[in-house]
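**Student:** If you scroll down you'll find the structure; I have some questions about it.
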């Protein structure tokens, strides 16, 4: 019985040591919404860049259509954000794109439905100044 208890204690000690080795790596990874140190997106379709570098945000947009029969579709998206900027993402703004679908509603049959971004799944942020950054949101507050 003492050998069995010693064996269990050894396994527990090795497990705790392994957890201790992995914990610093887990702590170093960005928190949900934080794609890189200083770059945060979500929970809605907005991103903030509090760094001195331009970043490319890679994300998946879910497009929904109000006039077409098609269900929601997902589209890979890329948006560039300037240093110390806040941006919003929507169709036609800041590189967000939903492919047009043809309306199937009798009142609007045959018209294009450009859809809209109903959700965004942010994947990563990469330092990348190869593309002009997206226009930022207006700042609030008074100048002076």
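**Student:** Among the residues that make up region 19-34, is at least one of them assigned to a loop (DSSP other than H, G, I, E, B), out of contact with any helix residue (DSSP H, G or I) (no Cβ under 8 Å at 6 or more places or on another chain) and modelled with pLDDT of 90 or more?
**Tutor:** Scanning region 19-34, I find no residue that is assigned to a loop (DSSP other than H, G, I, E, B), out of contact with any helix residue (DSSP H, G or I) (no Cβ under 8 Å at 6 or more places or on another chain) and modelled with pLDDT of 90 or more, so the answer is no.
**Student:** Just to be sure I understand the filter: pairs with C-beta atoms under 8 Å, separated by 6 or more residues or on different chains, first member in region 72-90 and touching a residue at least 40 places away in the same chain (Cβ under 8 Å) and not assigned by TED's automatic domain parsing to the domain that holds residue 49, second member in a strand (DSSP E or B) and surrounded by 15 or more Cβ atoms within 10 Å (Cβ to Cβ). Which pairs pass?
**Tutor:** Close Cβ pairs satisfying both conditions: none exist.
**Student:** Of the numbered conditions (1) crowded, with 18+ Cβ neighbours inside 10 Å; (2) at pLDDT 90 or above, residue 50 satisfies every one except a single condition; which is it?
**Tutor:** (1)
The values are calculated or read from the model by the stated rules, or taken from the named source; none is laboratory data. Please read all numbers here as calculations on a predicted model, not as lab measurements. Backbone-built Cβ (ideal geometry, glycine too); neighbour counts: all protein chains shown.
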